[in-house]
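Q: Take this structure, written in structure tokens, and hold onto it; I'll ask about it next.
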Amino acid sequence: MVSKSGFRNVSIGSTLLWITVFVVVPYLFVLVFSFFQRDPEQIVAAVFTWQNYKDIFSPVFLVVCWNSLILALGTTVITLLVAYPFAFFLGRIPERIRRILLLLMIIPFWTSSLIRTYALIILFKANGIVNGLLLSLKLVDEPLAILYTQTSVFIGLVYTLLPFMILPIYSSIQKLDLRLIEAARDLGATSGHIFLRIVLPLTLPGIIAGSTMVFLPALGLFYIPDLLGGARSMLIGNFIKNQFLTTGNWPLGSAASVILTLIMCLFLYVYFLSSRKARTSGMGEMA
Amino acid sequence: MESLPIVRLQGVTKRFDDVCAVDSLDLDIYQGEFLTLLGPSGCGKTTVLRLIAGLETLSAGEISMNGSRLNGTPPNKRNVNTVFQSYALFPHMTVFENIAFGLRLKQSDKQAIRHQVSEALDLVKLSGLENRRPHQLSGGQQQRVAMARAIVNKPQVLLLDEPLSALDYRLRQEMEIELKRVHRQLGITFVFVTHDQEEAISMSDRIAVMNEGRVEQIGTPIKIYEEPENMFVARFVGEINVFDGHVVNVNNGSAVVDIHGQLFPVQNRKKAGTGDKVRVLLRPEDIQVTRDADKNGGPALSGKVDEVIYKGKTVDLVISLDAGETINVTQFFNEDQEDLVYGEGERVHVDWLYGWEVIL
Ligand SMILES: Nc1ncnc2c1ncn2[C@@H]1O[C@H](COP(=O)(O)OP(=O)(O)O)[C@@H](O)[C@H]1O
Ligand SMILES: [Mg+2]
């Protein structure tokens with residue numbers, strides 16, 4: 001017991017230290033910077049101001065926010081539509097094949113997602129692999145313009161975030177008691193009824209968790225729209241990146257980061273409320 | 001019961017890979033009866049229910065209901081409902097929503113549904129718990145919800161898979177009575193599964209004793225208990241003492257059997273012939289014990305009392321016979337007859353009244 005709790009203390013302690021050094025402290029800098037003035041010489045000048053927040057609530061930034069929300073929402077919906085049937089299928093196949101499929105899904109994560117995004121460019125280019133295949137199969141007469149469109153941005157985001165949707169849904173489908181489905185059939189339910197009245201409500205916690213885990217990163221991921229969408233539409237992530245790296249306006253970038261964090265917190269709060277509701281209404285264990 | 005069966009199973013067989021769970025089983029179930037499938041764990045009782053409900057597909061044979069074949073009819077199209085062993089209540093729905101589940105699929109009149117649900121709740125004595133969720137109920141209450149959820153659909157046949165097995169002893173006894181009451185009030189056919197012979201005997205109109213996917217014997221509880229047709233039924237349904245012997249004389253409906261040199265007259269239901277080896281079966285409560293061999297004047301087996309177990313209403317004796325067997329005897333305790341109280345080590349003689357035995 002002693003060594004076990006010792007291990008626990010060390011692992012929790014080191015995780016806390018990690019989070020403090022690499023998350024909390026940098027974030028405090030961002031928070032402080034968002035109230036400082038811009039200074040061309042030293043990046044920031046330690047003079048308190050509300051100006052950054054006044055600047056940020058310009059129509060331009062609101063459009064950026066709106067675009068980001070729509071993109072993240074669209075990504076979440078598409079990911080959900082792709083992930084749910086797959087997770088369902090995963091929960092129903094023999095254990096051995098399931099393990100292989102789960103492994104295949106996780107292996108790409110050992111590679112940086114930035115590199116995998118570059119790989120997508122190679123696939124989608126005008127003279128890339130996808131177009132080469134379509135042309136040689138005579139399915140199209142000329143190369144499709146996939147890269148630098150909204151489509152390729154969605155494909156990139158969905159591809160990158162899909163596992164974060166699949167895993168929570170898969171785990172809630174695994175917990176689903178098949179006897180409930182039999183009971184519903186016995187009571188006269190068709191497959192459609194069973195899905196809507198039994199399966200969907202009971203896997204809702206997984207759907208909510210997965211949607212949160214896709215929606216929030218989709219709000220902030222800047223390099224995927226950057227690389228796959230070109231400079232078409234500005235998103236919050238790109239906006240922040242530009243303030244720091246291109247324009248050199250760290251205080252404004254910091255203010256935008258704070259706003260993004262607040263939006264995320266809002267959604268996390270909604271997630272917390274809805275998952276608690278789903279749990280109390282659904283997942284109370286049977287005696 | 002002379003009418004046509006409501007459900008008829010003919011040559012019903014179900015194989016799972018290498019296991020034959022149900023083996024060419026024939027069974028007729030009649031309108032309004034309380035039929036119990038009784039058998040040890042793994043003998044195929046649940047599988048028979050699931051085949052009737054349509055939750056499993058037949059490997060061979062045929063199930064018909066009201067004279068028409070059911071093969072291939074999906075469960076949601078069968079006029080049959082099940083009370084599952086695990087109850088399988090929907091955890092995300094209230095008691096009301098659970099019970100209304102089947103009704104809402106078939107009708108939309110909210111008022112009528114409300115009325116039927118409250119009737120079903122009354123029947124199982126759960127009124128007032130409509131808004132609870134399953135996990136807020138005790139085991140017994142969950143069991144009642146499972147009942148109400150099935151019977152509210154007014155099925156022709158209600159299938160119950162060991163519905164009482166998860167309940168403690170007191171509650172089980174209470175629920176046995178409740179279940180009989182519900183059966184009487186509804187008048188629908190109950191097919192009840194249990195591995196508990198006492199439960200089966202006290203509740204059923206008829207019992208089908210099952211073993212290894214087959215029906216060993218089917219009949220009223222009295223028939224099953226008093227006249228088992230084979231050793232499996234005899235042994236499974238209550239305790240039994242078995243004496244090996246051979247027939248020395250046959251005369252009309254009776255025979256004389258030699259057991260350890262004593263000549264016992266027995267009823268010859270089996271129609272054994274002279275010289276046949278037979279087994280004479282006796283329930284513990286059918287055996288008489290005396291101190292004095294000559295008191296009844298007839299044949300008797302001698303032995304010694306090994307153990308005396310006082311059980312309140314009865315006294316159980318374990319007696320080892322001089323011929324080697326050990327038998328169990330149950331005597332109804334009577335404080336006025338002190339000569340019935342035997343001590344351990346006491347020498348006794350046992351016999352029984354003609355006709356109380358079964359020969360196999
Ligand atoms: N889905 C299944 N797959 C494989 N074997 C099964 C399945 N269901 C039941 N069996 C087997 O069939 C036999 C009968 O099972 P069951 O009908 O559940 O028995 P009971 O209800 O009498 O305990 C058992 O040997 C059991 O292991
Ligand atoms: Mg069973």
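The values are calculated or read from the model by the stated rules, or taken from the named source; none is laboratory data. Computed from a predicted structure; not experimentally measured. Cβ: placed from backbone, ideal geometry, glycine included. Neighbour counts: every protein chain shown.
Q: Go through the range B:250-293 and give me each residue that's surrounded by 15 or more Cβ atoms within 10 Å (Cβ to Cβ) and part of a loop (DSSP other than H, G, I, E, B).
A: B:HIS260, B:ASN268, B:ARG269, B:LYS270, B:ALA272, B:ASP276, B:ARG283, B:ILE287, B:ALA293
Q: Continuing with the same structure: Please give the strands (runs of 3 or more DSSP E) falling wholly within the range B:134-228 in which 2 or more residues are within 16 Å of ligand 1 (Cβ to nearest atom) and either more than 12 Å from chain A (Cβ to nearest Cβ) or more than 26 Å from B:LYS77 (Cβ to Cβ) (or both).
A: Ranges flagged: B:189-194, B:206-211, B:214-219.
Q: For the range B:155-175: of the residues being buried (at least 18 other Cβ atoms within 10 Å of the Cβ) and touching a residue at least 40 places away in the same chain (Cβ under 8 Å), which is farthest from ligand 2 (Cβ to nearest atom)?
A: B:PRO155
Q: If you check B:LEU49, B:LEU38, B:LEU58, which single one turns out to be within 16 Å of ligand 2 (Cβ to nearest atom), farther than 19 Å from B:ALA148 by Cα and in contact (Cβ under 8 Å) with a residue 24 or more places away in the chain?
A: Being within 16 Å of ligand 2 (Cβ to nearest atom), farther than 19 Å from B:ALA148 by Cα and in contact (Cβ under 8 Å) with a residue 24 or more places away in the chain holds for just one of B:LEU49, B:LEU38, B:LEU58, which is B:LEU38.
Q: Looking at B:GLY32, B:GLY67, B:GLY102, which is the one that is exposed (fewer than 15 other Cβ atoms within 10 Å of the Cβ), away from ligand 2 (no atom under 16 Å from the Cβ), touching a residue at least 12 places away in the same chain (Cβ under 8 Å) and small (Gly, Ala, Ser)?
A: Result: B:GLY67 is the single residue among B:GLY32, B:GLY67, B:GLY102 that is exposed (fewer than 15 other Cβ atoms within 10 Å of the Cβ), away from ligand 2 (no atom under 16 Å from the Cβ), touching a residue at least 12 places away in the same chain (Cβ under 8 Å) and small (Gly, Ala, Ser).
Q: Right, B:LYS110: out of contact with any helix residue (DSSP H, G or I) (no Cβ under 7 Å at 6 or more places or on another chain), closer than 21 Å to B:THR189 by Cβ and modelled with pLDDT under 95 or not?
A: Taking the combined requirement at face value, the residue does not satisfy it.
Q: Can you name the residue in the range B:36-82 that is within 15 Å of ligand 1 (Cβ to nearest atom) and part of a strand (DSSP E or B) and is also nearest to the other protein chains (Cβ to nearest Cβ) among such residues?
A: B:THR82
Q: Look through B:LEU282, B:LEU353, B:LEU321 and report the one residue that is hydrophobic (A, V, I, L, M, F, W, C), touching a residue at least 60 places away in the same chain (Cβ under 8 Å) and within 21 Å of B:ASN230 (Cβ to Cβ).
A: On inspection, the qualifying residue turns out to be B:LEU282.
Q: Now, a different point. Scan the range A:192-216 residue by residue and report those that are polar (S, T, N, Q) and either within 13 Å of chain B (Cβ to nearest Cβ) or surrounded by fewer than 22 Cβ atoms within 10 Å (Cβ to Cβ) (or both).
A: Listed by number, the list holds a single entry, A:THR203.
Q: Considering only the range A:39-59, state which residues are surrounded by 12 or more Cβ atoms within 10 Å (Cβ to Cβ) and either closer than 14 Å to A:GLN243 by Cβ or in contact (Cβ under 8 Å) with a residue 12 or more places away in the chain (or both).
A: A:ILE43, A:VAL44, A:THR49, A:GLN51, A:ASN52, A:TYR53, A:ASP55, A:ILE56
Q: Give me the pairs, please: first residue somewhere in the range A:89-114 and surrounded by 15 or more Cβ atoms within 10 Å (Cβ to Cβ), second residue anywhere and of a type in the set (D, E, K, R), beta-carbon distance under 6 Å, and either six or more positions apart or on two chains.
A: Final answer for the pair search is A:LEU90/A:ARG98.
Q: Something else about it: Would you check if there is a residue in the range A:177-191 being crowded, with 19+ Cβ neighbours inside 10 Å, touching a residue at least 12 places away in the same chain (Cβ under 8 Å), of a type outside the set (Gly, Ala, Ser) and away from chain B (no Cβ under 11 Å)?
A: no
Q: Checking the conditions here, which among A:ALA183, A:ALA209 is touching a strand residue (DSSP E or B) at 6+ places or on another chain (Cβ under 8 Å) and in a helix (DSSP H, G or I)?
A: Residue meeting the stated conditions: A:ALA183.
Q: Here is a follow-up. Among the candidates A:ILE173, A:ILE121, A:ILE100, A:ILE107, single out the residue that is under 20 Å from A:PRO201 (Cβ atoms) and in a helix (DSSP H, G or I).
A: Sole residue among the options that is under 20 Å from A:PRO201 (Cβ atoms) and in a helix (DSSP H, G or I): A:ILE173.
Q: Looking at this structure, is B:VAL22 within 29 Å of A:HIS193 (Cβ to Cβ) and surrounded by 22 or more Cβ atoms within 10 Å (Cβ to Cβ)?
A: No.
Q: Just checking, how many residues over the range B:88-106 are part of a loop (DSSP other than H, G, I, E, B) and farther than 13 Å from A:LEU187 by Cα?
A: 4
Q: Identify, please: which residue in the range A:231-270 is within 25 Å of A:THR76 (Cβ to Cβ) and of a type in the set (Gly, Ala, Ser) and is, among those, nearest to the chain's Cα centre (by Cα)?
A: A:GLY237
Q: Out of (1) more than 7 Å from ligand 1 (Cβ to nearest atom); (2) away from chain A (no Cβ under 14 Å); (3) at pLDDT below 95, what's the single condition that is false for B:VAL19?
A: (1)
Q: Kindly evaluate B:VAL12 against the criterion of being near ligand 1 (Cβ under 9 Å from one of its atoms), in contact with a strand residue (DSSP E or B) (Cβ under 6 Å, 6 or more places away or on another chain) and assigned to a strand (DSSP E or B).
A: no
Q: Anything in the range B:34-66 that is of a type in the set (Gly, Ala, Ser) and touching a Lys or Arg at 6+ places or on another chain (Cβ under 8 Å)? List them, or say none.
A: Those that are of a type in the set (Gly, Ala, Ser) and touching a Lys or Arg at 6+ places or on another chain (Cβ under 8 Å): B:GLY39, B:GLY44, B:ALA53, B:GLY54, B:SER59, B:SER64.
Q: Consider B:GLN85 carefully, then state whether it is outside any helix (DSSP H, G or I), within 12 Å of chain A (Cβ to nearest Cβ) and either out of contact with any Leu (no Cβ under 6 Å at 6 or more places or on another chain) or surrounded by fewer than 17 Cβ atoms within 10 Å (Cβ to Cβ) (or both).
A: So B:GLN85 passes the test.
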